[in-house]
Amino acid sequence: MKNVTETIEVNSRIIYKRYIKDFILISLGIVMASIGLKEFLLPNKFLDGGAMGLSLLAELKTGIELSILIILINAPFIFIGAKQISVQFAIKSALAILSLSILVHYITLPTITDDKLLIAVFGGFFLGAGIGLSIRGGAVIDGTEVLALYVSKRTSLSVGDFISVFNVILFSFSALLINIETAMYSMLTYFSASKTVDFIINGIEEYIGVTIISEKSVSIKNTIVNKLGRGVTVYNSESGFGKSGVKNNDNKILFCVVTRLEVTSLILEIEKIDEEAFVVQHSIKDTKGGMIKKRPLH
């Protein structure tokens with residue numbers, strides 16, 4: 001009974017810490033996005049991509065207040081998110097979007113610059129930071145990715161393909177309905193925002209999974225663990241096909257995860273032991289646990 005109680009207490013503490021961290025990240029995200037909208041994009045009639053860009057375009061052409069349009073345009077995406085992801089995700093996203101709408105409606109910020117290039121770059125940066133922080137907190141304030149996920153499951157389009165097509169159509173309409181210059185600056189805004197989102201979600205130290213096949217796997221494993229201080233997973237290998245044809249052996253296959261900045265050192269140590277080792281590298285979006293370096297905001 002005591003162990004059960006302790007387990008419940010530990011789980012409750014973990015969940016509580018996660019909720020607090022999510023709340024802080026989403027709150028920061030809402031503030032950053034509000035700055036990007038009110039201080040840069042709205043006063044200068046610039047757009048962004050995705051649902052936020054659609055809201056900005058609708059505000060310019062209809063005169064309906066942006067705070068209302070943010071809610072109306074994102075509402076269907078939140079409903080889809082409840083079906084595709086989870087009800088908890090939908091509730092957090094709905095509260096985040098509502099909070100963003102309230103801030104956009106009530107706050108007033110001074111104009112910092114009239115330079116269109118700075119407006120596009122920094123407007124995109126603040127908006128992208130807001131979107132990225134919200135995603136790290138388990139919510140969205142731009143529902144395009146939710147719609148993209150929904151479409152990708154029902155068509156041959158990937159998530160990235162759908163977002164690209166969506167934004168091409170959006171910027172084409174902005175060129176027709178407003179002017180080409182605004183559309184071009186809006187594309188720059190979107191580029192700045194998307195790169196900021198990628199940076200916040202993935203960080204500068206992208207994770208790389210490395211698979212190593214070598215007859216000297218034991219020595220390589222010891223070097224990775226003892227010299228580089230990294231964890232290794234070992235798989236059994238029954239046979240393989242190489243330059244000399246099919247080869248039956250009981251070699252071990254090694255797998256480890258390092259940051260991109262550590263790959264060069266890892267490859268060097270492998271080559272010192274076995275220059276003929278077969279090494280495969282592939283990108284990993286994120287990891288948890290183990291001996292890898294933790295990213296900020298985790």
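The values are calculated or read from the model by the stated rules, or taken from the named source; none is laboratory data. For clarity, every value in this text was computed on a predicted model and none was experimentally measured. Note: ideal-geometry Cβ built from the backbone for every residue, glycine included; neighbour counts use all protein chains shown. The protein model used for the area step is the full one, side chains on, heavy atoms only, and it has no ligands, DNA or RNA in it. Shrake-Rupley method; radii C 1.70, N 1.55, O 1.52, S 1.80 Å.
In plain terms, if you count all Cα to Cα distances in the range 1-88 and split them into 10 Å steps from zero, the share in each step is 14, 30, 27, 15, 9, 4, 1 percent. Between Ser164, Ser67, Ser99, the GNM of the chain built on Cα springs shorter than 10 angstrom shows Ser164 fluctuating the most.
When all protein chains stay in place and ligands, DNA and RNA are ignored, the 1.4 Å accessible-area order of Met32, Met184, largest first, is Met184, Met32.
Carbon and sulfur atoms: what percent of the 1.4 Å accessible area of the range 9-164 do they account for? Could the numbers behind the result be given before it?
Details: 5190 of 7610 Å².
Here it works out to 68 percent.
Write down the accessible area per residue of the range 40-176 in Å², having rolled a 1.4 Å probe over the full set of protein chains. About 46 Å² of surface per residue is accessible. Rank Ile119, Ile141, Ile24 by mean-square fluctuation in a GNM of the chain with C-alpha springs under 10 angstrom and give only the top-ranked residue. Its mean-square fluctuation being the largest, the pick is Ile24.
Dipole size in debye (nearest 20) for the range 22-171 around its Cα centre, Lys and Arg Cβ +1, Asp and Glu Cβ -1? Walk me through the numbers on the way to the answer.
Working: 9 positive and 10 negative charges, 75 e Å.
So the magnitude is around 360 debye.
Residue ranking by accessible heavy-atom surface, 1.4 Å probe, largest first, among Val87, Val165, Val232 comes out as Val87, Val165, Val232. For the chain, the fraction of C-alpha pairs more than 28 angstrom apart is 52%. Comparing Gly138, Gly49, Gly36 in a Gaussian network model of the chain, where Cα atoms under 10 Å apart are tied by springs, the biggest mean-square fluctuation is seen for Gly138. Toward the positive end of the charge dipole of the range 79-214, with +1 on the Cβ of Lys and Arg and -1 on the Cβ of Asp and Glu, the farthest Cα among Ile163, Thr211, Gly138 is that of Gly138.
Using the Cα centre as the reference, give the magnitude of the dipole from point charges on the C-beta atoms of the chain (Lys, Arg: +1; Asp, Glu: -1; all else neutral), rounded to the nearest 20 debye. Let's see the in-between values first.
Values: 29 positive and 26 negative charges, 164 e Å.
About 780 debye.
Considering the range 62-197, its Cα convex hull presents a mean projected area of 8.8 nm².
Which of the pairs Lys45/Lys92; Lys38/Lys195; Lys116/Lys195; Lys227/Lys252; Lys45/Lys116 have their Cα atoms more than 22 Å apart in this structure? Over 22 Å Cα-Cα: Lys45/Lys92. Report the FRET efficiency, 1/(1 + (r/R0)^6), for Ser152 and Asn179, where r is their Cβ-Cβ distance and R0 is 45 Å, rounded to 0.05. Plugging the Cβ-Cβ distance into 1/(1 + (r/R0)^6) gives 0.85.
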